[in-house]
Every structure is written in structure tokens, then in C-alpha cells.
Amino acid sequence: MDLWVAEFQTPALKLSCKVKETLRSETTEYQELCVVATEEYGNMLILDGAIQTTEIDEFVYHEMITQVALNSHPNPQHVLIIGGGDGGTLREVIKHPSVSKATLVEIDDRVVAAARDFFPSLSCSFEQPKAEVVIADGIEYVKNHRNHFDIIVVDSTDPVGPAIQLFASSFYQSVYDALKEDGMLVVQSESPFLNKNVIDMAFGGIKQVFPLTKLYLANVPTYPSGLWSFTVGSKVHDPETIKNTPKLDWKYYSPEVHKAAFALPNFVKKIIEPGE
Ligand code: AG3
């Protein structure tokens, strides 16, 4: 019998993948967690019905949510990751030679457990000397730090349920305060085709708090529409200007891709500059 898993990207659109085996299906304290082995994309992590990551295309998202800020900050040393319990973002942050410490704050320890069990290429980061994994509420964690981090990466789920607070201007203000005087924030800000309202919320909220706000794009095949956006809020450094390029074995990111990611199609420009 053929088994398929589907994400309803909208009520009228779904992405279906043929499943070899269901590896885990549980209700955690926070969400429905599912890991399936798929034919095309390898192991896939799904939270509350939304595909979070797959073994085959994870590199695009994880490199792009980290390397743009890491390489446009002149000397990023201490990085905080909110969410991202699968470990992929952490793996990319600690690869960077100037980073001396990366702290991952994930609310749901079952996501970390699923990563350990089924995503060894992501969770390998948990045991690295530069890495610290904290199971806690990221919103509270950020509120308890002042002038502390060079970069904060918000690797959140979609803004539904508790994660909606990670898209609020009050949260961006706490992040601003937790960053050092030349710090940078990066968030995943969803699809310009299907989630314009989320871009409005993230880009608009960050712009209220940070002097410099920019959006960039990457192609993630398993996310809604395949075209994904990230938003950077920066106190000083322009995220488009590359300040350091360590020689790392990236699969998607490169200095050329860094530059190109900020070249926005007109329909995307219109979302973030509605009056112009
Ligand atoms: N976090 C963002 C995933 C959002 C995908 N949305 C969806 N499929 N509807 C990914 C976590 C990876 N570390």
C-alpha cells in the first residue's frame, strides 16, 4: 500500500510526499511531532502539520539563515539561536571560525530528541565544544539578557499558536536589547507568494525597532511555494556588505549567492515598500 504525507500549505494547496516509513508520531507538551522517511527528501520533520526540515534540502535554509549575518558582521563571537531544535542552524553557526559560543534555546525537548534519533547530520552540532543547548522559552531567555549577543537567529515555526509571539514588535525590542551595540537579528519570514501578511508582520515589526532592515530570498523546495524569505534587523552593519568570508564547504551559500539573495523581484519589493 502507498503511504503519503501531505502539508496543506494553504486550505487549497498541498505538497504530498511518498512515505517509506513513519519513524515517530507523538503529541508533545507543545505540538504534534512527526518524523517520516520519505522517498524524495529523506527523513522529514513535521510539526503541527508543517514541514520543518528534510535531510535533502535542509542545507539551503540552514546556510542561508546563518551565513548572511555571520559574514556581514565583522567579528561574530557569541550567537543565540531561538528555536531550531533540530540543530541545523546550530551546526552552521558553530562552523564559523570567529564564533566562540553558540547558544540554542528550544522550548520543546522532544524536537531535540527527534533530531538526535533521526537527523544525525543536524544533531551532530549538539555535542560540539562551542555549542550550548538550553531547553527554555526563548522569549523569557532573551528578556533576561542585555547587551550580550553579536547575532540572534530566530529559527521559528510558522506564526501560529505560541510562536506568534516571536513575530511581535515587543519581542523584537527584547532582541534589540539583548544584542550588543553592533548586533544583528535574522528571522525566517516565510513565503512572499503565500504569506505576505507574515512578511508584513516580521519586516514591519523589525523596522520599527532596528535602524537597518533588509529582506533576502532563497529557494527551499519543501516550504510553501518554494521561495522563502529571511529578514535581517541590524544596529550598524549592512547585511548586504560582506566583511569576512571563511573558506567553508557550503552547498548553497557563497559570496555571490549572498549578494544575489538581496536582489528582490518587483512583487517582493512591493510587499516591503508598499508606498513606493
Ligand atoms: N523553521 C521554519 C519552517 C517553516 C516552514 N513552514 C511550513 N512548512 N509551513 C524550520 C526549522 C528548521 N531548523
* To do: Express the carbon and sulfur contribution to the solvent-accessible surface of the stretch 58-272 as a percent, rounded to the nearest whole number, probe 1.4 angstrom.
  => 53
* Structure fact -> Partner aspartates and glutamates whose C-alpha sits under 16 Å from that of residue 243, ignoring same-chain residues fewer than 8 away, are 150, 182, 256
* Express the accessible area of the chain per residue in Å², computed with a 1.4 Å probe while the remaining protein chains stay in the model. => 42
* Based on the alpha-carbon gyration tensor of the chain, what equivalent-ellipsoid semi-axes (square roots of 5 times the eigenvalues) come out, in whole Å, largest first? -> 27, 22, 18
* Kindly write out, for the stretch 170-182 in residue order, the coupling ³J(HN,Hα) from the Karplus curve 6.51 cos²θ - 1.76 cosθ + 1.60 (θ = phi - 60°), rounded to whole Hz, with x marking Gly and Pro. => 5, 5, 4, 5, 5, 5, 3, 5, 7, 8, 5, 5, 10
* Each label point is 7 Å from the Cα along the Cα-to-Cβ direction; what then is the distance between the points at residue 124 and residue 10, in nm? -> 3.9
* Taking 0.36 nm per residue of separation and subtracting the Cα-Cα distance, what length does fully extending residue 3 through residue 18 add? -> 4.8 nm
* Asked: Along the charge dipole of the stretch 3-53, which of 36, 17, 49 sits closest to the positive end, that is, farthest toward it, with unit charges on the beta carbon of Lys, Arg, Asp and Glu (+1, +1, -1, -1)?
  -> 17
* Asked: Under a plain spin-label model, where a point goes 7 Å from the Cα along Cα-to-Cβ, how far apart in nm are residue 37 and residue 113?
  -> 2.1
* Asked: To the nearest 0.05, how large is the calculated FRET efficiency for residue 144 and residue 242 if R₀ is 35 Å and r is the Cβ-Cβ distance?
  -> 0.60
* Structure fact -> Note: probe point = Cα of residue 56 + 7 Å toward Cβ; backbone nitrogen < 20 Å; residues of the stretch 239-276 passing the test are 251-253
* To do: At 7 Å along the Cα-to-beta-carbon direction for both residue 235 and residue 182, put a label point, then send me their distance in nm to one decimal.
  => 1.1
* Structure fact -> Note on the stretch 202-270: contact order normalised by length, alpha-carbon pairs under 8 Å, 6 or more apart, percent, works out to 30
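The values are calculated or read from the model by the stated rules, or taken from the named source; none is laboratory data. Keep in mind that what you see is a predicted model, and the values were worked out from it rather than measured. Note that each Cβ is placed from the backbone with ideal geometry, even for glycine, and that neighbours are counted across all protein chains shown. Note: areas computed on protein heavy atoms with side chains; ligands, DNA, RNA excluded. Shrake-Rupley method; radii C 1.70, N 1.55, O 1.52, S 1.80 Å.
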